[in-house]
Every structure is written in structure tokens, then in C-alpha cells.
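Notes for the one structure printed next.
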Amino acid sequence: MNKRFNTTDVCVHRKHYRVDISNKLKEIKELIDNEFYFTINKPRQYGKTTTLNELNSF
């Protein structure tokens, strides 16, 4: 299956092109592990849901 740009739904690694956010995920995971509060505040289509889904498997 060829990868494509996704503009309508959650990004799936094997289907869609994505930016590598592994460093950001490590930072967020560290905040969670240390029981800090944080917010993800960006406009629509920025990757908020994808980021949270990736955190679930991180």
C-alpha cells in the first residue's frame, strides 16, 4: 500500500506520511511519569489526537 497525506482522520503509520514526533513523545511521557499537568493546545488538523494515540503505545 502506498502512503498518502491524510487530512481527514487520525494518522496511521503504515498508511500516512507523518512527522517524527518521538522526541516530543518522550518529553510528554516524562511529564506524565512525574505527574505534571500539561496541555495540548493547537488548531484543528495539527495532530493532537494522533499524538495522544501514539502516547498510548509509547
>> Rounding to the nearest 10 and keeping the result within 0 to 90°, find how far the Cα-based axis of helix 22-33 lies from the longest principal axis of the chain.
In response: 30
> What are the residues whose amide H is under 5 Å from the amide H of His16, where those residues sit 5 or more places off or on another chain and H is modelled from the backbone?
Replying inline: Arg4
> Which Cα, out of Thr8, Tyr46, Ile32, lies furthest along the positive dipole direction of the chain (beta carbon charges, K/R +1, D/E -1)?
Replying inline: Thr8
> How much length, in nm to one decimal, is gained on full extension between Lys48 and Val12, taken as 0.36 nm per residue of separation minus their Cα-Cα distance?
Replying inline: 11.6 nm
>> Under 8 Å for C-alpha pairs, at least 6 residues apart: give me the relative contact order for the chain, rounded to a whole percent.
In response: 32
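No value in this document is a laboratory result; all are computed from the given coordinates. Only a predicted model underlies this, so the values are computations on that prediction, with no experimental measurement involved. Note: ideal-geometry Cβ built from the backbone for every residue, glycine included; neighbour counts use all protein chains shown.
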